[in-house]
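The values are calculated or read from the model by the stated rules, or taken from the named source; none is laboratory data. Please read all numbers here as calculations on a predicted model, not as lab measurements. Please note: Cβ atoms are built from the backbone with ideal geometry, for glycine as well, and neighbour counts cover all protein chains shown. Side chains included, ligands, DNA and RNA excluded: accessible areas come from the protein's heavy atoms. Shrake-Rupley method; radii C 1.70, N 1.55, O 1.52, S 1.80 Å.
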Amino acid sequence: MKTIIIDADSLCYVGGEDTIEVAIEKLESKINKIKRVCNSDDLIMYLTIGKTFRNVLLETYKGNRQSKRSDNVKLLKNYLIEKYNTIYEEGLEADDLVMDKYREDMNKYTICSIDKDILKNIEGRHLNLYNYEFKTITKEEAFDNLHIQTIIGDPTDNIPSLMKGIGRAKLKVLKNLTNLSYEEISKYICHKKE
(Lines give C-alpha, C1' and ligand atoms only; values in the text may rest on other atoms or scores of the structure.)
Protein backbone atom coordinates (compact mmCIF):
# COMPACT_ATOMS: atom_id res chain seq x y z
CA MET A 1 0.00 0.00 0.00
CA LYS A 2 1.46 3.34 -1.06
CA THR A 3 1.34 6.52 0.97
CA ILE A 4 -0.85 9.16 -0.68
CA ILE A 5 0.81 12.58 -0.86
CA ILE A 6 -1.72 15.29 -1.63
CA ASP A 7 -1.21 18.78 -3.00
CA ALA A 8 -4.11 19.86 -0.77
CA ASP A 9 -4.39 23.55 -1.69
CA SER A 10 -7.15 22.87 -4.23
CA LEU A 11 -9.14 20.80 -1.73
CA CYS A 12 -9.57 23.90 0.41
CA TYR A 13 -11.60 25.65 -2.30
CA VAL A 14 -14.58 23.32 -1.84
CA GLY A 15 -17.58 24.82 -0.18
CA GLY A 16 -17.32 28.32 -1.66
CA GLU A 17 -19.87 30.35 0.25
CA ASP A 18 -21.26 27.36 2.18
CA THR A 19 -21.17 27.29 5.94
CA ILE A 20 -17.90 25.95 7.31
CA GLU A 21 -19.71 22.79 8.44
CA VAL A 22 -20.92 22.05 4.89
CA ALA A 23 -17.48 22.92 3.48
CA ILE A 24 -15.84 20.45 5.90
CA GLU A 25 -18.31 17.74 4.82
CA LYS A 26 -17.41 18.37 1.16
CA LEU A 27 -13.69 18.32 2.00
CA GLU A 28 -14.00 15.03 3.91
CA SER A 29 -15.98 13.56 1.01
CA LYS A 30 -13.13 14.41 -1.38
CA ILE A 31 -10.53 12.96 1.00
CA ASN A 32 -12.54 9.73 1.33
CA LYS A 33 -12.82 9.48 -2.46
CA ILE A 34 -9.03 9.91 -2.80
CA LYS A 35 -8.50 7.11 -0.26
CA ARG A 36 -10.93 4.82 -2.13
CA VAL A 37 -9.46 5.49 -5.57
CA CYS A 38 -5.87 5.09 -4.31
CA ASN A 39 -6.79 2.11 -2.10
CA SER A 40 -4.91 3.54 0.87
CA ASP A 41 -5.66 5.26 4.18
CA ASP A 42 -2.07 6.42 4.65
CA LEU A 43 -1.89 10.04 3.53
CA ILE A 44 0.10 13.23 3.95
CA MET A 45 -1.38 16.62 3.09
CA TYR A 46 0.77 19.49 1.80
CA LEU A 47 -0.33 23.13 1.87
CA THR A 48 0.93 26.51 0.69
CA ILE A 49 0.81 29.12 3.43
CA GLY A 50 1.62 32.71 2.48
CA LYS A 51 3.94 34.02 -0.24
CA THR A 52 6.55 31.80 -1.87
CA PHE A 53 10.01 32.33 -3.30
CA ARG A 54 8.40 32.62 -6.75
CA ASN A 55 6.68 35.84 -5.63
CA VAL A 56 10.13 37.22 -4.76
CA LEU A 57 11.63 36.19 -8.12
CA LEU A 58 8.67 37.44 -10.16
CA GLU A 59 6.40 40.06 -8.57
CA THR A 60 3.65 39.30 -11.11
CA TYR A 61 3.63 35.57 -10.23
CA LYS A 62 -0.02 34.49 -10.14
CA GLY A 63 -0.91 38.18 -10.38
CA ASN A 64 -3.42 37.51 -13.15
CA ARG A 65 -5.65 35.36 -10.94
CA GLN A 66 -8.87 36.84 -9.70
CA SER A 67 -9.15 36.47 -5.96
CA LYS A 68 -11.84 33.80 -5.55
CA ARG A 69 -10.82 32.93 -2.04
CA SER A 70 -13.71 32.59 0.36
CA ASP A 71 -13.32 32.82 4.11
CA ASN A 72 -13.57 29.04 4.16
CA VAL A 73 -10.17 28.53 2.47
CA LYS A 74 -8.17 29.60 5.51
CA LEU A 75 -10.54 27.74 7.85
CA LEU A 76 -10.25 24.55 5.79
CA LYS A 77 -6.45 24.81 5.72
CA ASN A 78 -6.49 25.14 9.50
CA TYR A 79 -8.84 22.16 9.69
CA LEU A 80 -6.42 20.02 7.66
CA ILE A 81 -3.50 21.12 9.82
CA GLU A 82 -5.37 20.17 13.00
CA LYS A 83 -6.91 16.88 11.81
CA TYR A 84 -4.41 15.34 9.37
CA ASN A 85 -0.71 14.82 8.93
CA THR A 86 -0.26 18.16 7.13
CA ILE A 87 3.01 19.75 6.11
CA TYR A 88 3.75 23.30 4.99
CA GLU A 89 6.89 25.37 4.82
CA GLU A 90 7.24 29.12 4.60
CA GLY A 91 8.39 30.20 1.14
CA LEU A 92 7.45 26.97 -0.65
CA GLU A 93 4.32 25.89 -2.48
CA ALA A 94 2.58 22.64 -1.71
CA ASP A 95 3.60 21.24 -5.11
CA ASP A 96 7.30 21.87 -4.31
CA LEU A 97 6.94 19.94 -1.06
CA VAL A 98 5.00 17.11 -2.72
CA MET A 99 7.63 16.65 -5.43
CA ASP A 100 10.48 16.74 -2.89
CA LYS A 101 8.78 14.01 -0.84
CA TYR A 102 7.97 11.94 -3.93
CA ARG A 103 11.60 12.03 -5.11
CA GLU A 104 12.70 10.46 -1.80
CA ASP A 105 11.17 7.14 -2.93
CA MET A 106 8.98 7.19 -6.04
CA ASN A 107 7.84 3.60 -5.41
CA LYS A 108 6.49 4.44 -1.96
CA TYR A 109 4.17 7.34 -2.84
CA THR A 110 1.17 8.21 -5.00
CA ILE A 111 0.85 11.90 -5.89
CA CYS A 112 -2.64 13.44 -5.94
CA SER A 113 -3.07 16.93 -7.40
CA ILE A 114 -4.82 19.10 -9.97
CA ASP A 115 -1.61 21.02 -10.65
CA LYS A 116 -0.12 20.39 -14.10
CA ASP A 117 3.33 21.21 -12.72
CA ILE A 118 3.11 17.97 -10.76
CA LEU A 119 0.98 15.87 -13.06
CA LYS A 120 3.13 16.51 -16.14
CA ASN A 121 6.60 17.42 -14.88
CA ILE A 122 7.55 14.44 -12.74
CA GLU A 123 7.59 10.82 -13.81
CA GLY A 124 5.22 8.29 -12.31
CA ARG A 125 1.56 7.35 -12.01
CA HIS A 126 -0.36 10.22 -10.43
CA LEU A 127 -4.00 10.84 -9.55
CA ASN A 128 -5.55 13.91 -11.16
CA LEU A 129 -7.91 15.38 -8.56
CA TYR A 130 -9.92 17.13 -11.26
CA ASN A 131 -11.30 13.90 -12.73
CA TYR A 132 -9.96 11.25 -10.28
CA GLU A 133 -8.14 9.45 -13.10
CA PHE A 134 -4.61 8.14 -12.98
CA LYS A 135 -2.08 9.45 -15.50
CA THR A 136 1.30 7.88 -16.12
CA ILE A 137 4.17 10.14 -17.20
CA THR A 138 7.49 8.75 -18.35
CA LYS A 139 10.80 10.31 -17.37
CA GLU A 140 11.24 11.53 -20.97
CA GLU A 141 7.75 13.08 -21.08
CA ALA A 142 8.34 14.84 -17.76
CA PHE A 143 11.67 16.21 -18.97
CA ASP A 144 10.12 17.45 -22.24
CA ASN A 145 7.12 18.97 -20.44
CA LEU A 146 9.39 20.91 -18.09
CA HIS A 147 11.38 22.39 -20.99
CA ILE A 148 8.25 23.15 -23.03
CA GLN A 149 6.79 25.02 -20.07
CA THR A 150 10.08 26.87 -19.57
CA ILE A 151 10.05 28.04 -23.19
CA ILE A 152 6.38 28.95 -23.66
CA GLY A 153 5.78 30.22 -20.14
CA ASP A 154 2.75 29.57 -17.99
CA PRO A 155 -0.25 31.86 -18.46
CA THR A 156 -2.03 30.26 -15.50
CA ASP A 157 0.74 31.43 -13.16
CA ASN A 158 1.43 34.61 -15.16
CA ILE A 159 4.94 33.50 -16.17
CA PRO A 160 6.01 34.95 -19.54
CA SER A 161 7.49 32.90 -22.36
CA LEU A 162 11.20 33.04 -23.18
CA MET A 163 10.38 34.10 -26.75
CA LYS A 164 7.61 36.49 -27.72
CA GLY A 165 5.00 34.86 -29.96
CA ILE A 166 5.95 31.24 -29.34
CA GLY A 167 3.37 28.80 -28.13
CA ARG A 168 3.10 25.03 -28.00
CA ALA A 169 2.23 24.62 -31.72
CA LYS A 170 5.03 26.88 -33.00
CA LEU A 171 7.50 25.25 -30.63
CA LYS A 172 6.60 21.80 -31.97
CA VAL A 173 7.16 23.01 -35.55
CA LEU A 174 10.51 24.51 -34.52
CA LYS A 175 11.53 21.24 -32.88
CA ASN A 176 10.61 19.25 -35.99
CA LEU A 177 12.40 21.66 -38.35
CA THR A 178 15.62 21.82 -36.33
CA ASN A 179 15.72 18.24 -35.01
CA LEU A 180 16.68 19.74 -31.64
CA SER A 181 15.27 18.52 -28.34
CA TYR A 182 13.15 20.84 -26.21
CA GLU A 183 16.08 21.04 -23.80
CA GLU A 184 18.44 22.13 -26.60
CA ILE A 185 15.96 24.74 -27.82
CA SER A 186 15.54 26.03 -24.26
CA LYS A 187 19.31 26.31 -23.79
CA TYR A 188 19.71 28.05 -27.14
CA ILE A 189 17.05 30.65 -26.33
CA CYS A 190 18.51 31.26 -22.86
CA HIS A 191 22.05 31.71 -24.21
CA LYS A 192 20.81 33.99 -26.98
CA LYS A 193 19.14 36.23 -24.37
CA GLU A 194 22.41 36.70 -22.44
Task: Partners for K108 among lysines (Cα-Cα distance below 26 Å; same-chain residues under 8 apart left out) - done: K2, K30, K33, K35, K77, K83, K116, K120, K135, K139
- [ ] May I ask you to compute the full-extension gain from D100 to I189, defined as 0.36 nm times their residue separation minus their alpha-carbon distance, rounded to one decimal in nm?
- [x] 29.2 nm
TODO: Take every DSSP beta bridge whose two residues both sit in the chain, then give the antiparallel share in percent to the nearest 5.
DONE: 30
Open item on the list: Just to confirm a number: summing +1 for Lys and Arg and -1 for Asp and Glu over residues other than E133 whose beta-carbon lies under 13 angstrom from that of E133, what do you get?
Closed with: +3
Open item on the list: Defining a contact as two alpha carbons under 8 Å apart and six or more residues distant in sequence, what relative contact order in percent does the chain show?
Closed with: 21
TODO: Enter the accessible area per residue of the chain (Å², integer; probe 1.4 Å; all protein chains in place).
DONE: 61
Task: Integer Hz, Karplus 6.51/-1.76/1.60 couplings in order for region 31-46, x for Gly and Pro - done: 4, 5, 5, 4, 4, 5, 5, 8, 6, 7, 9, 8, 9, 10, 9, 10
- [ ] Treating the angle as unsigned and between 0 and 90°, give the value, to the nearest 10°, between the Cα long axis of helix 168-178 and the longest Cα principal axis of the chain.
- [x] 40
Open item on the list: Please compute the modelled spin-label separation between E133 and S10, points set 7 Å along Cα→Cβ, answer in nm with one decimal.
Closed with: 1.3
- [ ] Check the straight Cα-Cα distances from K74 and name the aspartates and glutamates below 12 Å, setting aside those fewer than 8 residues away within the same chain.
- [x] D9
